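The values are calculated or read from the model by the stated rules, or taken from the named source; none is laboratory data. Quantities reported herein were computed from a predicted structural model and do not represent experimental measurements. Please note: Cβ atoms are built from the backbone with ideal geometry, for glycine as well, and neighbour counts cover all protein chains shown. SASA here: full protein model, heavy atoms, side chains in, ligands and nucleic acids out. Shrake-Rupley method; radii C 1.70, N 1.55, O 1.52, S 1.80 Å.
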Amino acid sequence: MKPWAAALSVALGVMPSTAAAVVRVRLELDNPRPTAGQSFHIVYGISAQNENRPLQATSLSLPGLQVLANPSPPSTDGFGMFGGGAGVQMTMETNVEYIVVAERPGRYTIQNAAVIDRSTGQVVARHPPLTVVVGRPDPNAPQVQPQPQPMPGFPPIPGFPPMPGFPGFPQEPPPPPVYQGPDVPPEGQLTGAVFDPNGFLRVLVSDPAPYVGQPVEYRAWAYLPAYDAGCEPLREPTVTGFWSDNLLRQSNVCAQRWIPVSVNGNNMGAGMIRHLALYPTRPGESEIGPLEMNFEFILGDSFFGQRRQVHLRSPSITVNVRDTPAEGRPRDYVPGTIGPLTLDAHFDRRQVTAGETVTLTIRAQGNGYIGSVTFPPLPTVDGLRMLTPTSRLLPRRSDDPLHATREDTVAVIPERPGSFSLGEWSIPYFDPNSHRYLRATVTLPTLEVTGAAVTRDDDGSHDDPTIALDPFDPGASLAPHRAVFTTGLRVWSAVLAPGTGLALFSLVGALRRLRARRREEDEDLSRNDPERLLASAENSLRAGRTAEALASLGRAISLARKEIDDDALRDAQAEVDTMRFADAEGVAPERVRELVSQLRAALARATEAS
């Protein structure tokens with residue numbers, strides 16, 4: 001190039017050159033002196049000029065500050081798509097705006113604002129730490145009402161008030177949410193975990209030294225650098241020496257919700273993934289094994305973020321289970337009965353007739369695992385027959401999941417008229433708060449019985465004929481076995497006529513199978529045909545066997561109700577069941593004949609209607 005042409009090129013600014021790459025990091029505060037509890041914004045921006053390397057912004061370190069919105073660094077995934085060439089100035093920018101709040105006054109340092117080369121890990125640009133001073137709130141400061149801001153992109157019109165912004169984009173950030181519930185991880189020192197910025201599991205127990213039977217809450221959280229994740233359980237914690245109950249509702253996600261937390265200056269999300277109620281069954285040291293899970297989440301925003309997978313394992317926990325003290329222990333104390341314990345008892349009816357069945361319900365409520373505790377037997381009262389009690393655990397309350405309720409029901413049959421008082425019923429328990437043995441007592445209700453006395457026959461004649469064993473056959477032969485081939489004629493007959501013998505044998509077998517099949521069909525028809533069952537009931541009445549008659553009549557009514565929807569049949573069913581349960585032999589045969597006639601009439605009406 002000639003000297004005058006070069007000088008002219010320099011003067012006109014068209015000298016061919018190669019554009020230099022420049023990367024800058026911007027970190028600004030919209031309110032450099034906020035007060036405690038007042039939210040403020042942190043603008044984190046990246047600009048790259050003529051840069052074709054794959055860049056990545058690092059996450060901010062905000063120790064002591066609670067992030068309310070935008071916890072991810074600015075995305076730089078599209079920066080490497082364009083590069084500067086000769087004489088070309090290509091600039092790309094991106095930024096995010098963090099909304100944070102400090103709960104207490106003090107000095108807070110914002111660190112780790114940098115850009116690195118994703119391929120080599122080398123730092124390309126870095127912003128120095130930024131310090132913000134948070135002051136004490138002034139209680140006398142006037143409350144400033146937020147003013148409507150102009151709509152983005154439209155300047156204010158003179159003489160008219162500014163138009164408010166779009167709905168859903170308030171000018172002031174909302175107050176920080178207050179998280180409550182059992183899934184909120186405890187604050188303070190990190191216990192029950194080994195910190196890892198890529199993710200870790202944390203496990204805690206509510207009481208590391210409980211008594212035998214005292215409930216212990218076991219909770220496990222997953223700490224991840226994200227606010228949502230998918231999980232794959234690999235190994236559940238071993239709870240040898242405990243009875244366990246799952247308190248966490250099953251769902252298709254790892255945690256019901258993820259709570260923002262700050263751990264060692266790292267913004268993470270914590271989600272409770274396990275919540276168990278453990279009841280120690282033996283004293284001594286018991287170890288709760290580790291929990292292992294795989295997690296998958298997106299690091300960064302949902303469009304340009306990176307998918308990560310981590311394998312996490314929680315530490316084990318040792319629980320030192322204490323036995324209840326031997327001093328002052330009642331003789332009838334059952335190990336594992338932990339208080340406080342309350343009792344309640346009531347009859348479904350207070351006034352009944354002799355022979356009628358009533359139900360006594362006893363309810364025990366407490367915080368221990370009372371489902372495994374053996375209750376003492378009820379007092380024996382002359383004139384009352386009590387059957388074997390049945391127990392069940394009622395559903396837990398959502399506000400107090402460790403509160404358990406056990407309900408025992410006992411069928412009581414009075415055999416004579418009078419007023420029956422069952423007295424008191426008590427259970428000893430150990431109170432871990434006062435470290436003493438106490439006793440829960442309830443006064444059982446009084447039962448008033450009227451009518452005539454009934455007799456109880458314990459000779460087994462009231463057994464259900466449908467399940468009774470068949471008697472021995474008295475006509476069975478007791479003659480000794482004799483050999484068949486005692487003469488030559490018999491031997492030659494068997495040798496010379498094998499075909500005839502085989503044919504006769506097959507014929508006899510076929511006849512036996514046919515007879516057995518017909519007998520089974522006839523028995524099945526007799527058990528499932530209401531007409532035959534009624535005939536059997538009448539035959540039993542004529543023979544004086546009231547129990548057999550009631551059994552046949554009850555089954556006939558039950559089969560008829562499957563085809564006939566009749567209130568009278570339902571009442572008859574209840575009456576027959578009551579008579580069978582109380583004392584079948586004490587029932588008047590005339591009443592049974594009346595019920596047989598009623599069922600025959602109902603079957604006839606159903607046949608005519610069809």
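Tabulated data
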| read-out | value |
| --- | --- |
| Extension gain (nm, one decimal) between Q256 and F195, 0.36 nm per residue minus Cα-Cα | 19.7 nm |
| Accessible surface, per residue, of the stretch 195-290 when the full set of protein chains is kept, probe 1.4 Å, Å² | 42 |
| For T35, distant residues with modelled amide H under 5 Å away | G135 |
| Low-density loop cleavage sites - trypsin sites (Lys or Arg not before Pro) in the stretch 196-300, where at most 13 other Cβ are within 10 Å (DSSP) | R249 |
| Prolate/oblate/rounded call for the stretch 323-407, Cα gyration tensor, a/c under 1.5 rounded | oblate |
| Burial ranking of peptide ranges 445-452, 275-282 (average Cβ count within 10 Å, highest at the top) | 275-282, 445-452 |
| Mean Cβ count within 10 Å, highest first, over the residues of peptides 50-61, 347-358 | 50-61, 347-358 |
| Per residue accessible area in Å² of the stretch 345-389, where ligands, DNA and RNA are left out and the probe is 1.4 Å | 49 |
| Order of exposure, largest accessible area first, which applies to V263, V454 with probe 1.4 Å | V454, V263 |
| Principal axis dimensions, the stretch 242-365 - Cα atoms, whole angstrom, descending | 80, 42, 22 |
| Cβ-placed point charges (K, R +1; D, E -1), dipole of the stretch 321-423 about Cα centre in debye, nearest 20 | 80 |
| Percent accessible area from carbon and sulfur atoms, the stretch 282-419, protein chains only, probe 1.4 Å | 48 |
| Nearest-20 debye value, the stretch 261-341 charge dipole, Cβ charges on Lys, Arg, Asp, Glu | 60 |
| Rounded accessible area per residue of the stretch 398-445, 1.4 Å, Å² | 42 |
| Listed peptides 99-109, 184-194, 421-431 by packing density, highest first (mean Cβ within 10 Å) | 421-431, 99-109, 184-194 |
